[in-house]
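Asker: Sending over a structure as structure tokens; questions will come in a sec.
The values are calculated or read from the model by the stated rules, or taken from the named source; none is laboratory data. Here the structure is a predicted model, which is why all the values come from computation and not from measurement. Reconstructed Cβ throughout: ideal geometry from the backbone, glycine too, with neighbour counts over all protein chains shown.
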Amino acid sequence: MFLCCCRSIRVAVRTTGSFTREVPHGIQHVPATFHTLPQLVSTSHQFDFDLLLRDLLDDIDQFNRRGSNFTLDYVSDFIVVLTEYHSLAGSTYLATPNFIEKKKAVINVINNDDRCFYGLFSVGCTHPNGTPSVCQTMSRESTSRWSPKTYQSS
């Protein structure tokens, strides 16, 4: 099985079906494509086939709400997409690629705690000349509990 060589995989399904309905001048044939949201599968999280079926049936119901009296004739494609999944751990720093760094349009936060999103928010809400911008919505009391971070402006 694929899980033998990977810790986790993401599984998604894409299907294409043929729908028909009667119209005043005969029978109308319409193809429709549906996809499910990916499920994370590992040795501790099994694939949920019931969720897959529910997602596909919900998609078909949604399709029928937009048109009327369509009936699924057959499924022409059923594609299972497997993707190796590696989650990023906390305090993971990824260096900015050179071609992005040269644009000087990205802030890449380097920190060793779980407050990196505050750092992004506080830097993003300050104009380049250092004056606060309109988007500072955090109260002064909540910001006083945060300590300054090291930022690499690239």
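Asker: Which residues, taken from segment 1-48, are of a type in the set (Ser, Thr, Tyr), modelled with pLDDT of 90 or more and farther than 18 Å from residue 81 by Cα? Don't jump to the end; show me each part of the working.
Answerer: Within segment 1-48, the first condition is being of a type in the set (Ser, Thr, Tyr), and the residues that meet it are 8, 15-16, 18, 20, 33, 36, 42-44.
Remaining after also requiring modelled with pLDDT of 90 or more: 15-16, 18, 20, 33, 36.
Selection gives 18, 20.
Asker: Of all residues in segment 17-33, count the ones that are in contact with a Gly (Cβ under 8 Å, 6 or more places away or on another chain) and of a type in the set (D, E, K, R).
Answerer: Of the residues in that region, 1 qualify.
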